[in-house]
Amino acid sequence: METNINLSTFQQNVPFAVSGSFLGSPAFSSSAILPHNAIYNEDGTFNTAIGGVLGQNVVLVNEYNSGLQRTNTVVGNMIGTYKILPNLSFRSLFGIDYRLLQGDRYTDPRTPDGAGVRGRSSQQQDWRTRFITTQTLNWNKTYNGVHNLSALVGFEFLSETREGINGAGIGFPTFQFRTIQSAATPESLSGFWTGYRRVGFFGSVNYDYKKKYLATVTARYDGSSRFGEDNRYGLFPSIRVGWSMVEEEFLKSSSVVSELKLRASYGLTGNDQIGNFAARGLYTGAGNYSGNAGIRPSSLANLNLGWETNTTLNFGVDYGFFGNRLTGSVDIFDRRTKDLLLDQPILWTNGFSDIANNVGELQNKGIEVEVSGVILDRGGFRWNSTFNFTYIKNQVISLYDDLEFLPANPGIAVGQPVGNPAFAGDQAPGAWFTQEYAGVNPSNGRPMWYDINRNITYLPLAADRIYYGSNLATHYGGFNNTLSYKGFELTAFFTYEYGAIVTDGQYNFLRENGTRLTLNALREVNDRSWREPGQITDIPRNLTTNAGNETRGASRNTGTASLLKADFIRLSQVTVGYNFNPTLISKIGLSRARVYVQGLNLWTYTDYPGYDPEFTGAATGLIPLTKNYTVGVQIGF
């Protein structure tokens, strides 16, 4: 029997905003505020007379407004193992992850957001409970010393629930009163409950002959409450085979080849990552209806909604040469995602715009390469390097009803990539489908685009749109180096990505400079803007008012003019450390001692003009990755 439990509570101050175009958010507004607008008056008080569109004093807003979040956590499990026979055992696990999130926010009446309501206080309570249990039987046996066979069968049950309540009140006598019970007027009160359950039966069989020929067969049969009543269960088998060629007689005595294994696998996995009630026909409370409580339909049921399945075919080779001084692997993969879980548009006469359904097929195929080696090992100095590279091609193979694109989102189209919904902005999660920017007319400074026939136009139409890649990188990887000499050690880790096309709301907002006279401007954009006939540039003339068919500033971010390449190479981590000689430190009762200095995100090479090429999307008001430095001491007794 074994058990472990972790109890924790931590509390943190919550900033006014960490993303979004809030005028009081420093990450959004600070770059656009004119630098001659003073934060403080001569007497040390806050300057509340800052003019312009971004007239809020962001220091005042973040000094007066407050927020707090507390998280209480209980994570633990109990495990029992019983040996039924010498080669048969039973294992039982019960685990729980319980979290209570508590938060409160106060919008001070001395700030622009709180002045109109004389202050606002809100509180939130969020309970999250995850329970899991697995019961397994494990069996293994060796026959004649060469045939190794093992098997496992099991059962799994998972339950996740989440419920919460929150409320807000407005109108406070003075800013010193901050808790919700002091509010003159209750503003809102709401609560929710959600949850889902999943049950599964699984089994696997492993076989190898003299560690030379290997095979694994597995299968899962899972059911999820998130799916329709007629289609909740799915069967997901897989098979893996391998041939360890280095165990063959013709390679056993090789002084060059120290590892060589061929691998192949084929299998299915299921995805149920959708809303907990996407398959159900739901009703929601409609509030006060003619003096009475009322309800109304909020979603359509789909009894056939079922698992999204991923079918993966993989071929790989693991290799090692010269006593494993050089090692690595190469994998070629083809992953097909069928029965995609998407919202399918329907006629508005049904009373709804869409219904959750299984539609279409997606393909991800590519290659992964990893190489590790000892570059130098001489005189106590050792240099190890590891490099990995991935190329992936992502595209939609088919859609429902033989459509070429989704009517509600033409960015999801057959033959085009599907982007990352977390970073895709308003067009998530498809490819970019927009008009192609043609630059600036040298004679008059007006922005130009290509129409669908590749002719120049000043007024692009929806019919002129083309596909222009997606925000998913097609190539990415890392490069790690470790250099050691006696007790000293230096590690440098690089990451890289290229091939992603993204939009950046923060940069695009600033790119409109010259269109709002009360905002700060980007010098590099201002210096490139068109000013005289004959000038060749990509930034059109400045417009502070609407002119003809041009909206002030907006034309600078129309079509592909707003899309950016997010290629980068980043020095993600550097660590310099020294390990003390165990013989020396043992005299003071220590078994090990190490001192180190570490730096994170120290250098990035990129042409990307925004804050951070790695975390993009709408990107408005996002706080980019920061440089971090750590000095540490590690000791052991």
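The values are calculated or read from the model by the stated rules, or taken from the named source; none is laboratory data. Here the structure is a predicted model, which is why all the values come from computation and not from measurement. Note that we place each Cβ from the backbone using ideal geometry, even for glycine, and neighbour counts take in every protein chain shown. Side chains are part of the model used for accessible areas, which takes the heavy atoms of the whole protein and leaves out ligands, DNA and RNA. Shrake-Rupley method; radii C 1.70, N 1.55, O 1.52, S 1.80 Å.
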Open item on the list: So for each of 21-34, 236-249 I average, over its residues, the number of other beta carbons within 10 Å; can you give me the resulting order with the highest mean first?
Closed with: 21-34, 236-249
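Over segment 199-323, what percent of the accessible surface lies on carbon and sulfur atoms, probe 1.4 Å? Kindly include the intermediate steps, with their values, before the conclusion.
Working: 4110 of 7100 Å².
Of all accessible area on segment 199-323, carbon and sulfur atoms account for 58 percent.
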Open item on the list: I want to make sure I understand the PRE zone here: with the label point 7 angstrom from the Cα of ASN271 toward its beta carbon, which residues in segment 353-396 have backbone N atoms less than 12 Å away?
Closed with: 359-364, 395-396
- [ ] Might you tell me the accessible area per residue for segment 1-135, computed with a 1.4 Å probe and given in Å²?
- [x] 57
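Rounded to the nearest 500, what is the chain's calculated 222 nm mean residue ellipticity when only DSSP H runs of at least 4 contribute -39500 (n - 2.57) each, over all residues?
On the way: 7 runs with 35 residues, N = 637.
Theoretical 222 nm ellipticity from helices: -1000 deg cm²/dmol.
Return the subset of LYS212/LYS365; LYS261/LYS338; LYS83/LYS210; LYS338/LYS393; LYS211/LYS365 for which the Cα-Cα distance in this structure is over 19 Å, preserving the input order.
On the way: LYS212/LYS365 29 Å; LYS261/LYS338 31 Å; LYS83/LYS210 26 Å; LYS338/LYS393 16 Å; LYS211/LYS365 30 Å.
Too far apart for the 19 Å limit: LYS212/LYS365; LYS261/LYS338; LYS83/LYS210; LYS211/LYS365.
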Task: Where labels lie 7 Å past Cα in the beta-carbon direction, separation of THR626 and ILE367 in nm - done: 4.2
- [ ] Using a 1.4 Å probe and ignoring any ligands, DNA or RNA, find the accessible area of ASP104 and quote it in Å² to the nearest 10.
- [x] 60
Task: Total charge dipole magnitude, the chain, about the Cα centre, Cβ charges on Lys, Arg, Asp, Glu only, Debye to nearest 20 - done: 1560
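Let me know the whole percent of all Cα-Cα pairs from the chain that are separated by more than 44 Å. List each step's numbers first, then the result.
Details: 81194 of 202566 pairs.
Here the tail beyond 44 Å accounts for 40 percent of pairs.
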Open item on the list: Can you compute the FRET efficiency between LYS393 and LEU584 using 1/(1 + (r/R0)^6), with r the Cβ-Cβ distance and R0 = 51 Å? Round to the nearest 0.05.
Closed with: 0.40
Task: Highest-first arrangement of 559-568, 226-235, 590-599, 499-508, where packing means the average Cβ count within 10 Å - done: 499-508, 559-568, 226-235, 590-599
Open item on the list: Given a Förster distance of 22 Å, report the FRET efficiency between GLU249 and PHE315 from their Cβ-Cβ distance, rounded to the nearest 0.05.
Closed with: 0.30
Task: Accessible surface, per residue, of segment 564-637 when the full set of protein chains is kept, probe 1.4 Å, Å² - done: 61
TODO: Give, to the nearest whole percent, the P(r) tail of segment 456-512 beyond 14 angstrom, counting all Cα pairs.
DONE: 76
Task: ³J(HN,Hα), Karplus 6.51/-1.76/1.60, whole Hz, each residue of segment 518-523, x for Gly, Pro - done: 9, 10, 5, 10, 7, 4
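Considering only protein heavy atoms and a 1.4 Å probe, what is the carbon-and-sulfur percentage of the accessible area of segment 43-198?
The computed percentage sits at 57.
With a cap of 11 neighbouring Cβ atoms within 10 Å, and only residues DSSP puts in a loop, list the GluC sites (Glu not before Pro) found in segment 148-184.
On the way: sites: GLU156, GLU160, GLU163; in loops: none.
Passing sites in segment 148-184 do not exist.
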Task: Accessible surface, per residue, of segment 206-330 when the full set of protein chains is kept, probe 1.4 Å, Å² - done: 57
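Of all accessible surface on segment 582-626 at a 1.4 Å probe, what whole percent is carbon and sulfur? Present the calculation step by step, with values, prior to reporting the outcome.
Values: 1640 of 2660 Å².
Whole-percent figure for carbon plus sulfur exposure: 62.
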Task: Relative counts (whole %) of C-alpha pair distances in segment 292-419, using bins that are 5 Å wide - done: 2, 9, 13, 13, 11, 10, 8, 7, 7, 6, 5, 4, 2, 2, 1, 0, 0, 0
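Report the gain in length on full extension from ASP354 to LEU602: 0.36 nm times residue separation, minus Cα-Cα distance, nm rounded to one decimal.
Numbers: separation 248, 0.36 × 248 = 89.28 nm, distance 4.62 nm.
Contour length minus the Cα-Cα distance gives 84.7 nm.
Please list the equivalent ellipsoid semi-axes of segment 346-474, computed as the square roots of five times the alpha-carbon gyration tensor eigenvalues, in descending order and whole angstrom.
Values: eigenvalues 333, 142, 29 Å².
One finds semi-axes of 41, 27, 12 Å for segment 346-474.
Counting other Cβ atoms within 10 Å, which trypsin sites (Lys or Arg not before Pro) in segment 486-541 have at most 15 and lie in a DSSP loop?
Numbers: sites: LYS486, ARG511, ARG516, ARG523, ARG528, ARG531, ARG541; in loops: LYS486, ARG511, ARG516, ARG531, ARG541.
For trypsin sites (Lys or Arg not before Pro) across segment 486-541 that sit outside H, G, I, E and B with at most 15 neighbouring Cβ atoms in 10 Å, the list reads LYS486, ARG531.
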